[in-house]
Amino acid sequence: MRRFPVAALAAAFALALAWHVSVRQAALFAVGVGLGAALAAGRFGFTSGWRTLVVSRDPRGVVGQAILLALAALLSLPLIAHFPELKAALGPPSVSLVVGAFLFGMTMQIADGCGSGTLYKAGMGVPLNMGILPLFALGSFVGSVHLDRWLALGAIEPVGFVDRFGAAGAVAVTLAGLAVAVALALAWAGPKGRAQWFDARWLGGALALAILAVMNLVLAGQPWGVVYGFGLWAAKLATAAGVFEPAANAFWSAPGNAEILRQSVLLDVTSITNIGILAGALLASAGTPATGKALTATQWAVGLVAGFVMGYSSRLAFGCNVGAMVSGITTGSLHGWMWVPLAFAGTLVGIRLRRRFGYDA
């Protein structure tokens with residue numbers, strides 16, 4: 001599809017949102033378009049950035065992600081401290097977080113995309129990610145249905161750095177943590193890797209995504225997320241089909257979730273940015289054939305199962321690379337810092353499995 005018709009459709013949809021829903025939702029859709037375009041045009045892959053560090057000892061992707069986190073934190077943490085109506089992405093340290101983050105890190109490597117990666121690659125027309133998207137949504141929904149059982153295994157109250165240390169303290173702790181993370185990545189990369197730590201493409205993507213993530217926080221009143229929208233879509237379909245009763249489930253009977261489930265999906269802030277990411281990726285890649293080698297039946301089956309598990313585990317972990325890592329860390333949540341090493345450990349296993357099934361052959 002050519003770029004002009006895609007841009008025209010996106011503009012028409014934004015105008016319809018502004019007229020029939022709200023100007024805020026139209027603005028959030030525009031933010032989503034920007035996120036999708038930045039991810040697709042810059043190939044800003046959270047999954048691939050981790051994989052190239054491990055496999056090729058190339059730290060540029062991880063350094064780019066750290067720059068994104070630092071910039072977004074410098075803007076987001078003071079905003080959260082001074083405007084109580086803005087919410088941080090707080091998740092409880094729990095057994096579900098430990099299990100979910102590890103499984104997510106493992107399966108995102110097999111599926112070759114996290115939550116945002118699945119979205120923008122599906123928008124670009126990559127076949128495997130297009131197939132994974134509905135299974136990710138189904139997995140996220142099933143994970144939400146089971147979440148109360150996982151939390152019963154052990155959980156503590158969320159820990160927010162802004163509440164504990166104030167804005168300045170939260171910024172200092174976050175930047176110090178990111179400095180340590182970069183130092184570890186450079187040490188892993190070795191002398192040759194350290195010599196190529198900077199990449200203008202990753203820097204450009206980091207700048208664009210940080211600004212757009214903060215815009216999302218201000219407009220939505222909550223940080224950028226992906227997983228909740230997926231689960232909501234599947235929950236709506238299951239409810240409409242009569243195979244799910246929200247009132248009997250702890251997650252979907254909670255007042256906030258129950259209200260969102262009853263409303264139009266166009267009123268949900270996460271859903272509307274997800275739709276925007278799909279549109280932005282399609283816009284950025286318009287006229288360019290989708291890339292990706294032909295997969296065997298086994299590779300398709302393994303990838304689709306990984307997509308379902310990725311969706312399930314993302315709900316257990318209270319987010320993916322976006323909701324847990326980006327939004328968790330940049331808004332001062334302890335669970336975001338716990339998520340990263342657990343997901344990285346899963347990535348080490350996932351890369352071996354990816355190799356075992358021949359995805360990189």
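Brief remarks on what is shown
- Förster radius 51 Å - calculated FRET efficiency between Ala195 and Thr239, Cβ distance, rounded to 0.05: 0.40
- The residues of the range 239-356 have, on average, 40 Å² of accessible surface per residue, using a 1.4 Å probe with all protein chains present.
- Residues Lys121, Lys192, sorted by accessible area with the largest first, give Lys192, Lys121 [1.4 Å probe; ligands and nucleic acids excluded].
- Listed candidates (1) 31, 23, 20; (2) 27, 25, 23; (3) 81, 23, 17 - label of the one calculated as semi-axes √(5λ) of the Cα gyration tensor in Å: (2)
- Exposure ranking of Thr298, Thr239 by accessible area [1.4 Å probe, largest first]: Thr298, Thr239
- Computing FRET efficiency as 1/(1 + (r/R0)^6) for Ala297 and Ala155, where r is the C-beta to C-beta distance and R0 is 41 Å, gives about 0.55.
- Where chymotrypsin sites (Phe, Trp or Tyr not before Pro) fall in DSSP loop in the range 111-157, at most 11 other Cβ within 10 Å: none
- Put a plus charge on the Cβ of each Lys and Arg, a minus charge on the Cβ of each Asp and Glu, and nothing anywhere else: the dipole of the chain about its Cα centre is then about 1020 debye.
- Span from the the range 95-136 Cα centroid across to the the range 311-340 one, whole angstrom: 14
- Atom-type composition of the exposed protein surface of the chain places 70 percent of the accessible area on carbon and sulfur (1.4 angstrom probe).
- Each peptide among 197-210, 57-70 gets the average number of other Cβ atoms lying within 10 Å of its residues, and from highest to lowest they stand as 57-70, 197-210.
- His20 accessible area, 1.4 Å probe, all protein chains in place, Å² to nearest 10: 140
- Cα-based shape type of the range 75-118, given that a ≥ b ≥ c are square roots of the gyration tensor eigenvalues and the cut on a/c is 1.5: oblate
- Only the Cβ atoms of Lys and Arg (+1) and of Asp and Glu (-1) were treated as charged; on that basis the dipole of the range 1-89 about its Cα centre amounts to roughly 300 debye.
- Three-way shape call for the range 156-259 based on the alpha-carbon gyration tensor, with the a/c threshold at 1.5: prolate
- Difference of contour (0.36 nm per residue) and Cα-Cα distance, Ala11 to Ala187: 58.8 nm
- Taking a straight Cα-Cα cut-off under 13 Å and skipping sequence neighbours fewer than 8 places away in the same chain, the aspartates and glutamates within cross-link reach of Lys236 are Glu245, Glu259, Asp268.
- Sequence-distant residues sharing a close amide H with Ser333 (under 5 Å, placed H): Phe161
- Ordering of 220-227, 46-53 by packing [mean C-beta count within 10 Å, highest first]: 220-227, 46-53
- Neighbour net charge for Val126 - beta-carbon separation under 13 angstrom, K R +1, D E -1: +2
The values are calculated or read from the model by the stated rules, or taken from the named source; none is laboratory data. All of these numbers come straight from a predicted model, not from anything done at the bench. Ideal geometry is used to build each Cβ from the backbone, glycine not excepted, and the neighbour counts take in all protein chains shown. Heavy atoms of the whole protein, side chains included, go into the accessibility calculation; ligands, DNA and RNA do not. Shrake-Rupley method; radii C 1.70, N 1.55, O 1.52, S 1.80 Å.
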